[in-house]
Amino acid sequence: MFSERVGYIIWVSDLKAARSLEKYGSVHYMSRKLYYVVMYMNADRADEVIRNIQRFSFVKKVERSYRNEIKTEYTSNEPDKSRFYSL
């Protein structure tokens with residue numbers, strides 16, 4: 001039903017030129033201070049798209065985002081003590 005998507009962090013030297021990355025995937029965030037772009041694209045076309053993106057002169061480095069692979073469900077063997085400290 002839904003295709004798997006992967007995220008990439010693209011370090012750029014020019015944010016105005018980085019707007020052209022929107023045609024290669026969905027741009028999630030553009031950092032004006034640190035000059036990077038977070039974008040998501042379909043996993044089946046990701047290798048081809050990254051090769052095209054790296055050819056741009058304003059692209060410094062491309063890194064894969066591992067955010068979707070990080071475990072976000074936490075378990076604790078200790079009981080919750082927060083109820084003892086409430087008013």
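The values are calculated or read from the model by the stated rules, or taken from the named source; none is laboratory data. This structure is a prediction, so every number in the text was calculated from the model and none was measured. Cβ atoms come from the backbone with ideal geometry, glycine included; neighbour counts cover every protein chain shown. Each accessible area value is taken on the protein alone, full model and side chains, heavy atoms only, with ligands, DNA and RNA left out. Shrake-Rupley method; radii C 1.70, N 1.55, O 1.52, S 1.80 Å.
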What whole-number value in Å² describes the accessible area per residue of the chain for a 1.4 Å probe?
85 Å²
With the 8 Å Cα cutoff and a minimum separation of six or more residues, the chain has a relative contact order in percent of 36 percent
If packing is taken as the mean number of other Cβ atoms within 10 Å per residue, what is the order of 36-46, 65-75, highest first?
36-46, 65-75
Leaving out same-chain residues fewer than 8 places away, which lysines sit with a Cα under 27 Å from that of LYS61?
LYS16, LYS23, LYS33, LYS71
Accessible carbon and sulfur surface of segment 1-59 relative to its total accessible area, %, 1.4 Å:
48 percent
222 nm [θ] for the chain, helices only, -39500 (n - 2.57) per DSSP H run of 4+, per residue, to 500?
-3000 deg cm²/dmol
